[in-house]
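Take a look at the structure below.
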Amino acid sequence: MTKILLVIERDLRSLMQQKSILLMRWFYAIVQIGIFGLAISRIITVMQNYYTYYAMGVIVMTMYSVAIFTGYEIYDEADLGYTEYLLSIPLTRRELVLGRSLAGGIRSLVFMAPIIAGFMFLIGIVDPLRVGMALVALFGFTFGVSGLSITLAVGLKSGDKFDIIMGALDAFIVRLSSALYPQAFMPKPIAILSTFNPLTYAADLFRWSLNFNIHFLANPVTSLIVLVIFLTTFNVAGVAIYERNLEGASWR
Amino acid sequence: MAIVSIRGLTKRYGENLAVDHLNLDAREGEILGILGPNGAGKSSTLLMLSTIIKPTEGTAEVGGYDIRTDPYKVRELIGIAFQEPKLFWFNTPWQILNWHGKVCGIENPKLAAERMLKELNLWDARNKYANELSGGMKKRVEVAKVMIQRPKVAIVDEPTAQIDVAGKYQIWNMIQKLREEGSTILLATNELGEADRLSDRVAIMYRGRLRILDTPRNLKDSIPGGDVIDLRTQNPIDEGIVEQLKRVPGVVDYTLVKASHLRIYLNRAERILPLIMARLNELGVEIASINMKEPSLDDVFFHYTGEVLEEADEPDSVSS
């Protein structure tokens, strides 16, 4: 456990060094919520308080985009030869993968903390239990996304392929989910596809935790189960691929 | 007693056979120099021992643990200083050593990091980011990681490549100190002087295979007539004197360069020189000067591979 904490410490430090990227993502989230969200919520009248629904979706989306950083960092490390160092130290591959996935989840929370706190303050959520549940939902999702990102990065072993797949995944995972619009308003095929999307359950569980628009949301128990399956699957896969596929020198 | 035991270790990158059924043992507490040009298979061997890459065939044991079946145990025993320092740009030397110490489970990593940074004259640079450090500083930080770890088996891969003379001495001292503290050291190098200076035994690798393994002294002595004595005399040397000298045991060959200049090829010159001197004295030859030269590891390398080390250099199959 101590070694996992050390991996988390290292990854947290690395995120703090990427200030320009962080500021860019913050700026994006604030603009989306503060400008686009306000404008679009005036158009959408069929749903009560779409603005809050939208803002919550943007928070989860942004956390997703921070959690996938881990995969990109794996490529940076491979380019610098740093992967070999990580593979040479007395850490099991499991500790390395789990540490990095957990760090991905924590980093996303730390990164979005000011925006989440500001948002909760604005909508008047102060119940610690609800705040705690919401954070657990967000953390579970981003923990899984980091595992997914590690699995793909190590499995593909190609920065270009990873870029393409993550770009495509980013486009689909957001649009084929209930992050920005409820399943009830989606065309049937899209609604079906969105039921296979962890982002749907993460966004809905987040909203449910904050007691918002509950009649539009997926069942919270189902959401919780899906998120647990998601994060377990990709972290176990990440460990397996790391152990089987990753060799220092073969990346270069 | 062998602390590292390599058996039939092979690494293939596609068509390229980097390490070819290597068998090699490192004894506990020794500095084993692994000498060879780029592409000889040194780095691949060390990366396999460190469990960073997987062997295609064969295996190795480190401290009794198999690199294939007990890689974690092996990593607990091994510390590696890479040829290219592996320092992530956002880390400072202080953070690097402190974190490395913690991961390796050493006692009081902060104190160890502080001591090491001061010892290496890096204290003033402790809060600089890795990408702001000079090449020599990066290299010293890389070696310092192994120094604070004090592993059972320390692997140092070309530790002084691209380092100035003062830096080389500092790193050599660090390596010797590490051995004095109980580590076995595997030193990969393509610098003959470095291998000669530091190693208890030298393994010459060439094209993925082990060509010869012995002490530097024995390797040099293994070249027939490898030692050379240049003998200059006050009076001309005649055939009779040459015939007498040829009968001294250990003399392999000779060349009469000039009438008063004889070049003698022999083994273990330091032992035979007194005999030669005594014989010349008996023959009444007045000596003007004596110059004795033993073979270098370059001569050894040439003897066993047919190439000089620089000519044998070719791009490595792995860039570590």
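Worth pointing out:
- Of the candidates A:I214, A:I173, A:I190, the single residue that is under 18 Å from the mean Cα position of the chain (by Cα) and among the β-branched types (V, I, T) is A:I173.
- Residue in segment B:140-160 that is in contact with a helix residue (DSSP H, G or I) (Cβ under 6 Å, 6 or more places away or on another chain) and among the polar types (S, T, N, Q) present: yes
- Sole exception among (1) modelled with pLDDT of 90 or more; (2) part of a helix (DSSP H, G or I); (3) surrounded by 23 or more Cβ atoms within 10 Å (Cβ to Cβ) for A:S177, by number: (2)
- A:S223 being at pLDDT 90 or above, in a helix (DSSP H, G or I), in contact with a Lys or Arg (Cβ under 9 Å, 6 or more places away or on another chain) and of a type in the set (S, T, N, Q): no
- When the helices (runs of 4 or more DSSP H) confined to segment A:17-134 are screened for residues that are farther than 30 Å from A:K161 by Cβ and touching a residue at least 60 places away in the same chain (Cβ under 8 Å), those reaching at least 3 such residues are found at A:50-67, A:93-123.
- Odd one out for B:T56 among (1) within 12 Å of another protein chain (Cβ to nearest Cβ); (2) farther than 21 Å from B:E181 by Cβ; (3) out of contact with any strand residue (DSSP E or B) (no Cβ under 7 Å at 6 or more places or on another chain): (3)
- Checking each residue in segment A:76-121 for being farther than 23 Å from B:I67 by Cα, more than 10 Å from chain B (Cβ to nearest Cβ) and at pLDDT below 85 picks out only A:D79.
- Residue check, B:I155 within 13 Å of the chain's Cα centre (by Cα), assigned to a strand (DSSP E or B) and closer than 25 Å to A:V7 by Cα: yes
- Test: residue in segment B:274-285 that is buried (at least 18 other Cβ atoms within 10 Å of the Cβ), closer than 30 Å to B:D200 by Cβ and either more than 29 Å from the chain's Cα centre (by Cα) or modelled with pLDDT of 85 or more (or both): no
- Selected residue (only one of B:N131, B:N173, B:N121 is in a loop (DSSP other than H, G, I, E, B) and farther than 16 Å from B:G33 by Cβ): B:N121
- Every listed requirement among (1) over 21 Å from the mean Cα position of the chain (by Cα); (2) more than 11 Å from chain B (Cβ to nearest Cβ) is met by A:I33 save one, (1).
- Figure legend. Inter-residue proximity from segment B:91-105: first residues more than 7 Å from chain A (Cβ to nearest Cβ) and free of Cβ contacts under 8 Å to residues at least 24 places away in the same chain, second residues surrounded by fewer than 21 Cβ atoms within 10 Å (Cβ to Cβ) and part of a helix (DSSP H, G or I), beta-carbon distance below 7 Å, spacing 6+ or different chains. Indicated pairs: B:N98/B:P109; B:N98/B:K110.
- Only one of the numbered conditions (1) at pLDDT below 90; (2) away from chain B (no Cβ under 14 Å) is not met by A:L22, and that is (2).
- Under the condition of being of a type in the set (A, V, I, L, M), at the interface with chain A (Cβ under 7 Å from one of its Cβ atoms) and in a loop (DSSP other than H, G, I, E, B), the residues counted in segment B:69-90 number 0.
The values are calculated or read from the model by the stated rules, or taken from the named source; none is laboratory data. Treat the numbers as computed from the prediction; the structure is a model and nothing was measured. Virtual Cβ from ideal backbone geometry, glycine too; neighbours counted across all protein chains shown.
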